[in-house]
Each structure stands twice: as structure tokens, then as C-alpha cells.
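Take a look at the structure set out below.
The values are calculated or read from the model by the stated rules, or taken from the named source; none is laboratory data. Keep in mind it's a predicted model, so treat the numbers as computed, not measured. A quick note on method: Cβ atoms are made from the backbone with ideal geometry, for glycine too, and the neighbour counts reach across all protein chains shown. Keep in mind that these areas ignore ligands, DNA and RNA; they rest on the heavy atoms of the full protein, side chains included. Shrake-Rupley method; radii C 1.70, N 1.55, O 1.52, S 1.80 Å.
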Amino acid sequence: MSVDLSAQIANMKVNNLFLNASGIHCQTEAELDDLMQEPVSGAMVTKSMTPQSRFGNPLPRYYRLANGSINSMGLPNEGFDYYMDYLKTHDQIKPVIVSVAGRSKEEDLAMLHTLQDDDSYQGLTELNLSCPNVIGEPQMAYDFPAANDLLKEVFSFYKKPLGIKLPPYFDLVHFDQIAELLNQYPLSHVNTINSIGNGLWIDVNSETVVLKPKGGFGGVGGSMVLPTALANVRGLRQRLNPSIKIIGTGGVTNGRDAFAHILCGAEMVSIGTQLYEEGLGAFERVTRELTDIMEAKGYELLADFRGKLKVIED
Ligand code: SIN
């Protein structure tokens, strides 16, 4: 039996639902080239960009944990123009999602105005409102009135496909509130979840934190965040307009995890910590594992089981 892993978000059609999580192997031209040439993944996303290049936070800023990772990268990136030049000068064998993360509303608006005015750019953009690691700056997607103000202004001029990268939510009331807010706007998608912000890991031998920035606080990712990621994909899929697709991100280490994200309603699935630790070969392995599960269950299309999670009835 052949299995079809195609998916679509706005004008972006892909033959394979997997992509990198933003921040993983997508900062420099060489890394972007690697992702572009990687033969299995269907799309790729850039490192979240700011108007000017940034070194990001001081090192050490990434630490491997037994069941995942903790990081406080602080948006290291080469700057908006670098990524725009990349898109103009490289063949796009696969679609590239442009991730933008201004350090203020004004920076977000400036980058989105440039994208709107650039006729050569018709791709998908993702506004990252959820980076937990920029020192002194809160995650805007936890401030609902501020997020609403920003989106109102953005959609007064932005007419191209635009999604949002969200942080995890932990209370069903917050799922209700963010979905009600987002449903007012013609979003192409939400990408959920960013890392679980402001975790802390300690080396007990030295009695010291493992990350330098923010006194050791950082975003938690990898397999330990899978339950939170699944809850956010499921909770938002149940509440968002059907036209707003979901990229499921968080805790995917194998085909079963990806299958679970799709059961919860993900249109596409991105891989973060596992891709960083394993390398780009993870795409081929996870795709093979997902294909095997679908074949064993007799599913030909992702739509055969997407969003069809069963609950336990009385
Ligand atoms: C970072 O701190 O650079 C990663 C977090 C993010 O991309 O939102």
C-alpha cells in the first residue's frame, strides 16, 4: 500500500508533512542549504529573524537533558536582509517559511511591511510571538490585549499568508481566550508549541545552573514536552476556525509521536530537539516510522486520521 504524506497550508503544498522547528539548523546560508537539499522533509523554516543580526545570548545557552533539552539562545540570527537575500538567490526546491520575531511591535510591523511590499515574496510567513529567551522581553502571546493590538494592526495591511508561533498554554480558559482572539483574523496557521519557557536545570555536583543567560532559566524542549504539545495541538484544533491550520511542534522523536500530533489535528509536524541531536537524517527515519504505522493501520492519507482522536466514553 502506498502512503500519501502530503499537506497544505494556504498556498504552500508539500509532499511530506515534516519540517525543522525554527532555530534548528536554519540560521546560516550553509545550514539553510543543507535543509533545502535534504531529500525527505517537505518544507523548512528560517531561524526567527530580527531586523538586524544578533549574536544572541552568552554561552553556554543549550544543554542536553535525559529527555530533551533546555536552551536560552536569545534569537541569534543573521538579520532580515540576509534571509531575504537568501530567498532571492537560491532555488527553492522546497517551500521556505519566513519566521519573524521583532523585539517590539514596531520591528514586527516593519518586517511585515517589507514582506507585504515585496512582490517577489509570496510565501508563508510566521510571526513568532513566543520566544521565551530574549532578556527583559516577555512572550507577547501571553499578553492577550497586546497580541490583539498587534494582529489588528498587522491585518490592516498584510494580505499574504501569515501564521503565528505560539507558546504552550496550560489552562483550558487560556485555550478558549487565545482561540477566540485568533479566530478574528485570517491566519494561515498557528505553530504550537514553542519551548516551555523559563525552566531551570541544575548540575547538582557543582550546585550550578547549566545555562549562562537569565541566571540559568531557559526554554524546555524534546520528548518531555510531548504531552504539553499534544494538549495544545488538540485544544487549539478543537477551538480554532478550520481554515487556521496547525503545525504541531514539540516532543517529536519518532513516528509514533508524529502520528499522535496528527491525531490531535496537526496539518504538518516539525522536529526540534531530536533534529538537533540526531541530525537531518531524523527526517528520513521519522517519515519511515510514520509510514509503517499508517500502513499497519490501513491509512493511505493523513486526512484518514487527522484530528480523529478518540476519547473514552462512559
Ligand atoms: C531562541 O531563544 O532563539 C529560541 C526561541 C525562539 O525561537 O522562539
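Those residues that are of a type in the set (G, A, S), within 11 Å of the ligand (Cβ to nearest atom) and either open to solvent by 20 Å² or more (accessible area, probe 1.4 Å) or without any contact (Cβ under 8 Å) to a residue 60 or more places away in the chain (or both), I need them from the stretch 120-143; list them, please.
The one that is of a type in the set (G, A, S), within 11 Å of the ligand (Cβ to nearest atom) and either open to solvent by 20 Å² or more (accessible area, probe 1.4 Å) or without any contact (Cβ under 8 Å) to a residue 60 or more places away in the chain (or both): A141.
Consider the stretch 239-285. How many of its residues are without any contact (Cβ under 8 Å) to a residue 24 or more places away in the chain and within 20 Å of A179 (Cα to Cα)?
1
Looking at (1) of a type outside the set (A, V, I, L, M); (2) open to solvent by 70 Å² or more (accessible area, probe 1.4 Å); (3) closer than 17 Å to T249 by Cβ, which is the only condition G199 fails?
(2)
Filter the stretch 155-176 down to the residues that are over 20 Å from the mean Cα position of the chain (by Cα) and open to solvent by 20 Å² or more (accessible area, probe 1.4 Å), then identify the one that is farthest from R239 (Cα to Cα). I'd like the intermediate steps shown before the answer.
Restricting attention to the stretch 155-176, the residues satisfying the condition of being over 20 Å from the mean Cα position of the chain (by Cα) are 155-159, 171-173, 176.
So of that shortlist, the ones also open to solvent by 20 Å² or more (accessible area, probe 1.4 Å) come out as 155-157, 159, 171-173, 176.
On the way: F155: 21, S156: 24, F157: 26, K159: 24, D171: 14, L172: 11, V173: 11, D176: 7 Å.
My answer is F157.
Please verify whether the stretch 144-154 includes one or more residues that are open to solvent by 20 Å² or more (accessible area, probe 1.4 Å) and under 18 Å from the mean Cα position of the chain (by Cα).
As a first pass, look at the stretch 144-154 and keep what is open to solvent by 20 Å² or more (accessible area, probe 1.4 Å): 144-146, 148-149, 152-153.
With under 18 Å from the mean Cα position of the chain (by Cα) added as a condition, the list becomes none.
Scanning the stretch 144-154 turns up no residue that is open to solvent by 20 Å² or more (accessible area, probe 1.4 Å) and under 18 Å from the mean Cα position of the chain (by Cα).
Search the stretch 97-119 for residues being in contact with a Gly (Cβ under 8 Å, 6 or more places away or on another chain) and touching a residue at least 60 places away in the same chain (Cβ under 8 Å), and hand back the single one that is nearest to the ligand (Cβ to nearest atom).
I97
Give the number of residues within the stretch 173-212 that are free of Cβ contacts under 8 Å to residues at least 40 places away in the same chain and aromatic (F, W, Y).
Of the residues in the stretch 173-212, 1 are free of Cβ contacts under 8 Å to residues at least 40 places away in the same chain and aromatic (F, W, Y).
Would you check which residues across the stretch 144-172 are basic (K, R), touching a residue at least 40 places away in the same chain (Cβ under 8 Å) and more than 30 Å from G222 (Cβ to Cβ) and list them? Can you show your working first?
Residues of the stretch 144-172 that are basic (K, R), as a first pass: 152, 159-160, 165.
Next, only the ones that are touching a residue at least 40 places away in the same chain (Cβ under 8 Å) stay: 159-160, 165.
Matches in the stretch 144-172: K159, K160.
Return the pair list, or none, for Cβ contacts closer than 6 Å from residues in the stretch 293-307 that are more than 14 Å from A260 (Cβ to Cβ) to residues that are among the aromatic types (F, W, Y) and part of a helix (DSSP H, G or I), at least 6 apart or on different chains.
none
Taking the residues in the stretch 213-253 that are part of a helix (DSSP H, G or I) and of a type in the set (A, V, I, L, M, F, W, C) as candidates, determine which candidate is most open to solvent (accessible area, probe 1.4 Å).
Here is the first cut: in the stretch 213-253, the ones part of a helix (DSSP H, G or I) are 213-216, 223-239.
The next check asks that each one be of a type in the set (A, V, I, L, M, F, W, C); those that pass are 224-226, 229-231, 233, 236.
Numbers: M224: 86, V225: 5, L226: 29, A229: 0, L230: 35, A231: 45, V233: 0, L236: 0 Å².
Looking at the filtered set, the residue picked out is M224.
Would you pick out the residues in the stretch 1-31 that are within 16 Å of the ligand (Cβ to nearest atom), under 16 Å from the mean Cα position of the chain (by Cα) and either in contact (Cβ under 8 Å) with a residue 40 or more places away in the chain or open to solvent by 10 Å² or more (accessible area, probe 1.4 Å) (or both)?
The initial filter retains those residues of the stretch 1-31 that are within 16 Å of the ligand (Cβ to nearest atom), namely 19-28, 31.
Narrowing further to those that are under 16 Å from the mean Cα position of the chain (by Cα): 19-27.
Scanning the stretch 1-31 gives L19, N20, A21, S22, G23, I24, H25, Q27.
So which residues in the stretch 35-46 are buried (at least 16 other Cβ atoms within 10 Å of the Cβ) and farther than 22 Å from K105 by Cα, if there are any at all? Full working, then the answer.
At the first step, the residues of the stretch 35-46 found to be buried (at least 16 other Cβ atoms within 10 Å of the Cβ) are 35-36, 38, 40-46.
Correct list: L35, M36, E38, V40, S41, G42, A43, M44.
Condition check: open to solvent by 50 Å² or more (accessible area, probe 1.4 Å) and within 13 Å of the ligand (Cβ to nearest atom). Does M49 satisfy that? Please lay out each step first, then the result.
Numbers: open to solvent by 50 Å² or more (accessible area, probe 1.4 Å): no; within 13 Å of the ligand (Cβ to nearest atom): yes.
Against the criterion (open to solvent by 50 Å² or more (accessible area, probe 1.4 Å) and within 13 Å of the ligand (Cβ to nearest atom)), M49 does not qualify.
Test G123 against the stated conditions and say whether it is modelled with pLDDT of 95 or more, under 24 Å from E278 (Cβ atoms) and either in a loop (DSSP other than H, G, I, E, B) or of a type in the set (D, E) (or both). Lay out the reasoning, then the answer.
Working: modelled with pLDDT of 95 or more: yes; under 24 Å from E278 (Cβ atoms): no; either in a loop (DSSP other than H, G, I, E, B) or of a type in the set (D, E) (or both): yes.
No: the conditions fail for G123.
Could you figure out which of (1) away from the ligand (no atom under 16 Å from the Cβ); (2) more than 19 Å from the chain's Cα centre (by Cα); (3) surrounded by 13 or more Cβ atoms within 10 Å (Cβ to Cβ) isn't true of R54?
(1)
What's the number of the only condition in (1) more than 10 Å from the ligand (Cβ to nearest atom); (2) out of contact with any Phe, Trp or Tyr (no Cβ under 8 Å at 6 or more places or on another chain); (3) free of Cβ contacts under 8 Å to residues at least 40 places away in the same chain; (4) within 29 Å of H113 (Cα to Cα) that M36 fails to meet?
Exception for M36: condition (3).
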